[in-house]
Each structure stands twice: as C-alpha cells, then as structure tokens.
1. Would you work out if chain A is rounded, prolate or oblate? Take a ≥ b ≥ c from the square roots of the eigenvalues of the alpha-carbon gyration tensor; rounded if a/c is under 1.5, else prolate when a/b is larger than b/c, oblate otherwise.
2. Kirkwood hydrodynamic radius, region B:138-216, all distinct C-alpha pairs: what's the number in Å?
3. Would you work out which of B:Asn66, B:Asn95, B:Gly54 lies farthest towards the positive end of the dipole of region B:11-95, given +1 charges on the beta-carbon of Lys and Arg and -1 on that of Asp and Glu, about the Cα centre?
4. Could you identify which residue out of B:Val61, B:Val33, B:Val205 has the top mean-square fluctuation in a GNM of chain B using Cα springs shorter than 10 Å?
5. Could you tell me whether region B:2-222 comes out rounded, prolate or oblate from its Cα gyration tensor? Rule is a ≥ b ≥ c as square roots of the eigenvalues, rounded for a/c under 1.5, then prolate if a/b exceeds b/c, otherwise oblate.
6. Quick one: A:His273, A:His139, fewest Cβ neighbours within 10 Å first, how do they rank?
7. Can you check how the C-alpha radius of gyration of region A:193-236 compares to 2.2 N^0.38 Å, as a plain ratio?
8. Say R0 is 30 Å: what FRET efficiency, to the nearest 0.05, do B:Glu171 and B:Asp212 get from their beta-carbon distance?
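Just so you know, all these numbers are worked out from the coordinates, no wet-lab data involved. This one's a predicted model, so the numbers in the text were calculated from it and none came from an experiment. Methodologically, a virtual Cβ is constructed for each residue, glycine included, from the backbone with ideal geometry; neighbour enumeration extends over all protein chains shown.
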Amino acid sequence: MAQFFAYIQHTDSEIEDTAAELAAVAKAMGADSVTAVVTGSGIDAVASKAAEFFNEVYKLDADALAYPNAEVVRKALTAVLPDGSVILISNSTLAMDLAPGLSVKKDAAYLADITGIEGVDGDTLKAVRTELGGTVSTHVEADLSNGAVITVRPGSFEAVAAGVGGAVSDKTADASDLSAKRKFIEVVVPEAGGVDITKAELLVSIGRGIEDEDNIEIAMELKEAFGSYAEVSCSRPIVDAKWLEPSRQVGTSGKTVKPNVYLALGISGSFQHLGGIKGGLLVAVNKNPNAPIFQVADYGIEADILEFMPALTEKLNDL
Amino acid sequence: MEILVCVKSVPDTGEEEIELDGGQLDRDDLTFVVNEWDNYAVEEAIQIADKVGGSVTVVTVGDEENEDECDEVLRREMAMGAGKALHLMDEAFENSDAKGVATILKSAVEKGNYDLILTGAQADAGYSAVGGMLAAMLDYPYASLVNKIEAGDGKLVIAREIEGGNAEMNEIELPCVLSIQTGINEPRYVGIKGIKQVSGIDIPVLSVDDLDIDGSSVGEDGAKVKRVDYFIPETGEGAEMLEGSDDEIIEKLIEILKANGGMK
C-alpha cells in the first residue's frame, strides 16, 4: 500500500485546526499509518503538535522555508516524499498554489477539494466533491497506482483525537535545492476602515440573488427596518462588482463574523463564504431549493429575495 | 510582452436550480458562457499589453461536441480586445482531466513565444489546477489567486489574495504562469457590435497532430481522474424549511428572530 503523508499548514507556531482532519481522510482511505510533513524555520513546537495526531512527523527546517512560498515548498516535498505516495493537504490559498504543480512533479493523480470518501477499490479511490460553485455534487474516481495529491475541504471530515504521539525525524538534508524563480516579499494587511460588520448582532447579507446594483437599496431598507443593531454584509460577487465596499464581505477572503442571526439572502453558500460565518443562527432565503446553503442553514425559506425583502421590511415597519 | 490567456466555455448555471438527467448535466438545457474568472484574466492581459506593449492571444481546448461554444468564447474575448485566438480541438481531447488540458495547452505554449500565461483562478469544475500544472510542466514559476500585477523588467511584482483578504506580495520571473482572481479589474463590456466586428476573423484550429501530442496522454485515455456522475445532495438535511403563505412565513421568521437575538 502507498505511503500516506499529510502536509501541515501552520501560523504563529499553531498547527491548522484541519490538520487532524487529514489523519481521518487517510484512515477513510485505509491507511494504517500517516506521516505529517511540516515545513518552516524554527518549527520544533509545530512538529511536536503535529506528532499528537500522526504516527510520524517529517520536519523540514530551513530559512528558505520560513514563509510557505509554494514554489519552494513544492521543491522540498518533491525531493523528500517517495514517488507513489498519497499526499493530503487541507484546501487553502496555499494548497491551491502548491498542490497542482506537486501532482505533476510526482506524476500522481490530482483530486481537489474533496468533501467525502466512498472507499478505495484496488487502485481506485472513489470520492465526492462539488462543481459549479457548490451547486452540484459529483462522484469521482482517481487512479492511485502512482500515488495522488489530494486537497480536502476544511470541515468535511471528523478530526481524529490527539494522543497518537509520533516521532519527529529531521528530513531537511533531503531537500538540498530550495531556490525558486518566485520570491516572497511580504504580507500586506488591508487598511481597516469602512463599516465594521463584525459588531452587528444581525447581518442582512446579500449575494448574487440581488441581481442588480439598484437593488442594494432594498437590502439597506430592510436593515433600517430592523434597527441600529443590524448591518448589511455580502458575498464576494457583490464586492467584485463594486456594488458594496470590501469591508462588508464575509468569507475566507473577507471578514469572519459571529452575529446572533445571519440572514443569508440570495447567497448560494460556497464554502469560501461559509468559512467566514463562525456562529449564530443561520437563516437562508433562496429561490433555488437545491442551493447548498440549505444544507447548512438552521432555517430555510424558498423565495425570490427581491419579493421577500420588501415584504419583510413592510411587516417590520408595521410592528 | 507576449501574453497567452487560457479561457474556457462553461455552463451558465447562475442561481437557478440545476436539472440532472440520469446523473448527467443535460447540455441541451444549458447556455454556455465564458468562465467568469477568464474575463478578468483577458482584461488584465489587455491592460498590460496597452501599458508595456505586446500582444494578447486567447486559447481554449475543446472537442467536436462543444466546437460552437468554444468558438463563441474565443470571439467574445477577441471583441474585448485580444488580437489573436487559438482553438485547440480534437476528438482525442474529449473528457480530458485537468492534467490532460494542461498537457494540450503546454504544446500550444511551446509553439509560441509567450512571456506571460494567464488562466482564471478557477472554472466550473472547481479544481483550480490547470495553471499550476501547466507551469510545472513548463518549469515556469507560478502564482495563483493573483489580484494585482505590476510589470517590471524581466519580472513582475504580484499580489496573491490569501486568507482574510490579505495580500501576499511576490516577485516572479518571466516567463511565468499566473491564475487570476476576480476583482483584479473591471472587465470591459462587450456589445453585439463588438462581436459582429470579429465574426469574420479566421481562428486557427489545431488538432492533436498539429500540436504533436500523444493522443493517449490526453482525453479519456490519459485521465487519472474521472467524474462518474453528478448528483444533488438531499436538501433540508440541515435547514428546517419554513412553509406556508408569504405572511405565515414572515410571521414564523419574526418569531425565530425574536427567540435568537435577531430582533431588538
């Protein structure tokens, strides 16, 4: 059987919450043992944390790996991991940068953003993922005969418990060439400013279902009808269209929010958007009964938001 | 700067309910449009070429089945301002996985002399893979999710959009491959008049032989990853759907909001 590896992402000496989910994915694929791979500079603490969930930990500790420049990490993993391995990575902006090229260098199958495992039959992995912005799911088969690189949607698998206690081995010497034609400069944090949606107790959050810039006003009127504890937020397409300012965007590339109630209006529910909602009651209104947001919402209403919002505003104003 | 932009014709599913027929999408029921991310990539290429000089070529991969959709997409991007187009089409390309598509594109890249290759950050299948694979095959540097480009001498300074909306600044040597994130610019509008102006242009169509590709390395035969079927997961697994007349639904919603701190 192929060897299983999990690439561990980390910030400020803490491993990502999803690291232990990768151990669960390997288990679902029938792995007896999983090796964590940690890259960085001065990462002993990170390696020890990874050892709580994995049978073994490979540590690659070098200045060139201090920031996870995907071009450098790819070179390191290509050199250190044996051909034919199954390499698991939690889906993230780093994973998207790293994983496709790694699969080419390893001549391995590439499966992106899987949400479930149905099983392994010989050399064939049967898995589940989504297409068309999450609006439809698919069964996929991947040929594992020469290994695979698989990215996993965060939150799709139940994390394994800590307490495995694997040994850490230093593999830095196996990755001698860490040069790259892309150089990391710095991370720039966008200037604070604009509306602070993270303080609102109720978010009136709009997505593509708003259809037109002129309809933004309808959402603003609904917010007014609630009161000063409410604010208008949105999903990414609304900011891309420049209909609302970036400070109102909820999601992995926007703000993380935790209101009492999140009212998702005409938002289909991509995982990038849902990644920004960290608590509270989720109520979704969408005209598509199969919108993925209904999988995760507490309450759902099948309706066209352009009719629903004015009706709700009127009712609130009459109270 | 010679720029190649890889574009794709995708089903326009919008916010509507998707209908499946025996676990497959019914192509006859769908309208096809250019992948949203690709429009941003083409706009960015045009703006770079306007600023520093050079040319923009758009390329797509297809088979006989989607010949018209591919041609339409290429002409739409030419109407935006791309000067040249390449239509890579062969029966052997059908059902290629992301690696197959990257293999086909690699051959087209090697027949040209491009400094910069752009793709959309993702498309309909959500793999976000072709750009990174193409770069690895060519041994060019790669960066994904790019939302800012400044052209310099023999290199670019680029921003990647990472978690929290932060910008990861990088310097990248040319030639390189970048995948473009939405929001990097405002893609220009294409009207019917613009489409008409490019309707007569002859777009070169290149086959597996023209591109010197081993047909067994692409298409169904070369694919290590195959989609078996589509399915719609059970709805309402999570959400309790509020039913009734419009008035009743709104009454129920207000009660729920009151009980959960959503009304003051």
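1. prolate
2. The Cα-based Kirkwood calculation yields 16.0 Å.
3. Highest projection toward the positive end goes to B:Gly54.
4. B:Val205
5. Rounded, since a/c falls under 1.5.
6. Listed from fewest to most nearby Cβ atoms, that is A:His139, A:His273.
7. 1.12
8. That pair, B:Glu171 with B:Asp212, gives E of 0.35.
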